[in-house]
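What follows draws every value from the coordinates through simple rules; no lab data is involved. All values derive from a computational prediction rather than experimental measurement. Cβ sites come from the backbone with ideal geometry, for glycine too, and all protein chains shown count toward neighbours.
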Number of protein chains: 2
Amino acid sequence: MTPRSAGFRMPAEWEPQAGVWMAWPERPDTWRLGGKPAQAAFARLANTIARFEPVTMLVSAGQWANALAQLDPAVRVIEMTTNDAWLRDTGTTFVTDGQGNLGGVDWRFNGWGGLSDGLYFPWDADDAVAAKMCAIERARRFRAPLVTEGGAIHVDGEGTVITTEDCLLNPNRNPDLGRADVEAILGDHLGIDTVIWLGQGVPDDITGGHIDNLACFVAPGVVLLSWCDDPADPHHAVSREAEARLLAARDAKGRALRVERMPMPTPLFLTADEAGGLDRTNPALSSAAGDRLAASYVNFLIVNGAVIAPAFDVPTDAAAEAVLRRLFPGREVIMLPSREILLGGGNIHCVTQQQPAV
Amino acid sequence: MTPRSAGFRMPAEWEPQAGVWMAWPERPDTWRLGGKPAQAAFARLANTIARFEPVTMLVSAGQWANALAQLDPAVRVIEMTTNDAWLRDTGTTFVTDGQGNLGGVDWRFNGWGGLSDGLYFPWDADDAVAAKMCAIERARRFRAPLVTEGGAIHVDGEGTVITTEDCLLNPNRNPDLGRADVEAILGDHLGIDTVIWLGQGVPDDITGGHIDNLACFVAPGVVLLSWCDDPADPHHAVSREAEARLLAARDAKGRALRVERMPMPTPLFLTADEAGGLDRTNPALSSAAGDRLAASYVNFLIVNGAVIAPAFDVPTDAAAEAVLRRLFPGREVIMLPSREILLGGGNIHCVTQQQPAV
């Protein structure tokens, strides 16, 4: 049985949610200064989401009491071992069947590229997160025969998914699967009929090019694309190619897509002070002072009644906020300072996983 | 707010249940041979309960996959760190308010006697179990200002609790609380009005004398007492004194109690082979060959439609089964071989915690 054959589909992020899941950051090769600045940022994010809907924070046994002390009492804190805190990628992709039942897709996870390109080893605890979430929620679990991450897919809730070739067709994920195989598995597990392929992700994205840092659906038929006008910036070509592919595509309903452009943030770089706060035990995560950060405003989360988006304390923040206010007129737009999350390699969307209402 | 002031009470064990919680045994100073025989016994118990109602098994991250492999797929496996597997004592005492809400009493836990008489150190993970269970179930949590364990109390669901002075008035639990203080806290947290005090527990009980190894309610106004006719057995005097106290008591409804006698098992002793399988790192748990085991048939669990009771492969098993069949005519009586659980210091009731239906 697959989710599709059992009547399940992945709702769009703007559909009503039952809550949001996160995990507590602590590994000292990802998060500087023993994770303390990141923990404060995650706590602020969780406490902000909790104003709109329930939040569950997964926390290791050792950090359990410390997380409780920083989180709003409304946040549900549950013990779970993880290898890192990227719940978008390691958590269940929840699906619903329209009959009051919750299901959970449990993608295979290999640390964004396995032994060749992965970001850390081991990743066994991360690969178990989705199954454990399904157990906690008594959700029907569907283990998928595909190595991927939740950040590599965005759905419109009406039969279409967008993703990138850089991730899903990469030999470091699924060397034995071709494009048609991947499309079939995505269709069966997300309940979708059409896969729209983009090519590369945002430059410097250590995930290998996740869609959720590059573009997202903001409504059926409307895609918001991280856009760069500067020909000297490597994202210039990426965003142009992505736009061309999106404009040439048709979604599952046969619609042409409208593409909205989201400005790239003012370029951001790792400081020497920030780089100095990392454990240097992991070459894949050993960023150096001056490295460019893969910042993007499309890495936001939609929750019930609000959009929570990253802010970087740079001039482009105001333009990004204006775009989001225009595209989400019915929701509060909250620009949350998130440099500490960005330093770990992702942003607000990467560290959250919504659970749809059933 | 206490459970009573918020309208909650602890239902009797025979009231409808939503499920049963257990934890996976693994510490090698409690469970011989690295816990493997006990794990098989716990799995058999969980799989048996799962025939009647949902079961949740709490398992450490390290044992998670091994537990999954031994448990019926219907058993919900959730990661949790514990110091040991006595969910009756460390788990939430669930309470309900008759309005569809679930609450959880979170007793303070000090390892059955703290630094003076406790069975192991540390016990911090055990003390956190109840709070974590409440979070998982989204139950309203009531932290109680009393050091005790769930095995130290039995309620009739109609306003009465039975307990033992040996545990609840022991200076190793609550040195600053007197009898009236303890009665007030029990009343406020269980929603009961009457405390019936017995004195000592079953001899050789390493908990210090838990009621759940000595006696239990089997219906309102009816107590089943572990009984010993042999004057040479130290339990002879204990059971006589307990019976006298029970017959002199009145419950919250003003009723005299009917006392039913449950025969003690044929005396059971630790073998040299069994003792040799334990890590010897903990003096409090270092049983020796020839030590008497605190076996009792009243250490059973009531679930929806059944009673699951310990069997020891001795002649008294049949008499115990007959007593249970007579007292629970509407339920299936399952006598489950449980010597491996007994070797750890408790039995079926000690390793389970029912969650009432709301």
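What residue, of A:LEU146, A:LEU102, A:LEU87, is in contact with a helix residue (DSSP H, G or I) (Cβ under 9 Å, 6 or more places away or on another chain), touching a residue at least 60 places away in the same chain (Cβ under 8 Å) and surrounded by fewer than 21 Cβ atoms within 10 Å (Cβ to Cβ)?
That would be A:LEU102, the only listed residue that is in contact with a helix residue (DSSP H, G or I) (Cβ under 9 Å, 6 or more places away or on another chain), touching a residue at least 60 places away in the same chain (Cβ under 8 Å) and surrounded by fewer than 21 Cβ atoms within 10 Å (Cβ to Cβ).
Tally the residues that are charged (D, E, K, R) and touching a residue at least 24 places away in the same chain (Cβ under 8 Å), restricting the search to region A:176-213. Lay out the reasoning, then the answer.
So the first thing to find is which residues in region A:176-213 are charged (D, E, K, R), and the list is A:176, A:179, A:181, A:183, A:188, A:193, A:204-205, A:212.
Still in the list and also touching a residue at least 24 places away in the same chain (Cβ under 8 Å): A:188, A:193, A:204-205, A:212.
Summing the residues that are charged (D, E, K, R) and touching a residue at least 24 places away in the same chain (Cβ under 8 Å) in region A:176-213 gives 5.
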Considering only region B:188-204, I want to know if a residue exists there that is more than 25 Å from B:LYS253 (Cα to Cα), among the β-branched types (Val, Ile, Thr) and crowded, with 19+ Cβ neighbours inside 10 Å.
yes
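Those residues that are of a type in the set (Lys, Arg) and part of a loop (DSSP other than H, G, I, E, B), I need them from region A:331-358; list them, please.
From region A:331-358, those of a type in the set (Lys, Arg) are A:331, A:339; that's our starting set.
A:ARG331 - this is the single residue of region A:331-358 that is of a type in the set (Lys, Arg) and part of a loop (DSSP other than H, G, I, E, B).
Keeping to region A:268-285, report how many residues are of a type outside the set (A, V, I, L, M, F, W, C) and surrounded by 15 or more Cβ atoms within 10 Å (Cβ to Cβ). Don't jump to the end; show me each part of the working.
Restricting attention to region A:268-285, the residues satisfying the condition of being of a type outside the set (A, V, I, L, M, F, W, C) are A:271, A:273-274, A:276-277, A:279-283.
After this cut, where a residue has to be surrounded by 15 or more Cβ atoms within 10 Å (Cβ to Cβ) as well, the list is A:274, A:277, A:282.
Within region A:268-285, residues that are of a type outside the set (A, V, I, L, M, F, W, C) and surrounded by 15 or more Cβ atoms within 10 Å (Cβ to Cβ) number 3.
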Residues of region B:30-62 satisfying the condition of being surrounded by fewer than 18 Cβ atoms within 10 Å (Cβ to Cβ) and either of a type in the set (Asp, Glu) or over 19 Å from the mean Cα position of the chain (by Cα) (or both)
B:LEU33, B:GLY34, B:LYS36, B:ALA40, B:ARG51, B:GLY62
Spot the failing condition for B:ILE192; the list is (1) under 30 Å from B:ASP233 (Cβ atoms); (2) touching a Lys or Arg at 6+ places or on another chain (Cβ under 8 Å), and only one is missed.
(1)
Residues of region A:277-330 classified as assigned to a loop (DSSP other than H, G, I, E, B), over 21 Å from A:HIS154 (Cβ atoms) and touching a helix residue (DSSP H, G or I) at 6+ places or on another chain (Cβ under 9 Å), total:
12
Can you list residue pairs whose Cβ atoms sit under 7 Å apart, with the first residue in region A:122-140 being more than 9 Å from chain B (Cβ to nearest Cβ) and farther than 18 Å from A:VAL55 by Cβ and the second being part of a loop (DSSP other than H, G, I, E, B) and charged (D, E, K, R)? Count only pairs 6 or more apart in sequence or on different chains.
A:ASP126/A:ASP84
Starting from region A:245-257, take each residue that is closer than 12 Å to A:VAL222 by Cα and list its partners that are part of a helix (DSSP H, G or I), counting only C-beta distances under 6 angstrom and pairs at least six apart or across chains.
A:LEU257/A:LEU246
Among the residues of region A:63-84, write down those that are touching a residue at least 12 places away in the same chain (Cβ under 8 Å) and facing chain B (nearest Cβ under 10 Å).
A:TRP64, A:VAL75, A:ARG76, A:VAL77, A:ILE78, A:GLU79, A:MET80, A:THR81, A:THR82
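How about region B:39-94: which of its residues are of a type in the set (A, V, I, L, M) and over 25 Å from B:ALA139 (Cα atoms)? Full working, then the answer.
So in region B:39-94, the residues of a type in the set (A, V, I, L, M) come out as B:40-41, B:43, B:45-46, B:49-50, B:55, B:57-59, B:61, B:65, B:67-69, B:71, B:74-75, B:77-78, B:80, B:85, B:87.
Of everything in region B:39-94, those that are of a type in the set (A, V, I, L, M) and over 25 Å from B:ALA139 (Cα atoms) turn out to be B:ALA40, B:ALA41, B:ALA43, B:LEU45, B:ALA65, B:ALA67, B:LEU68, B:ALA69, B:LEU71.
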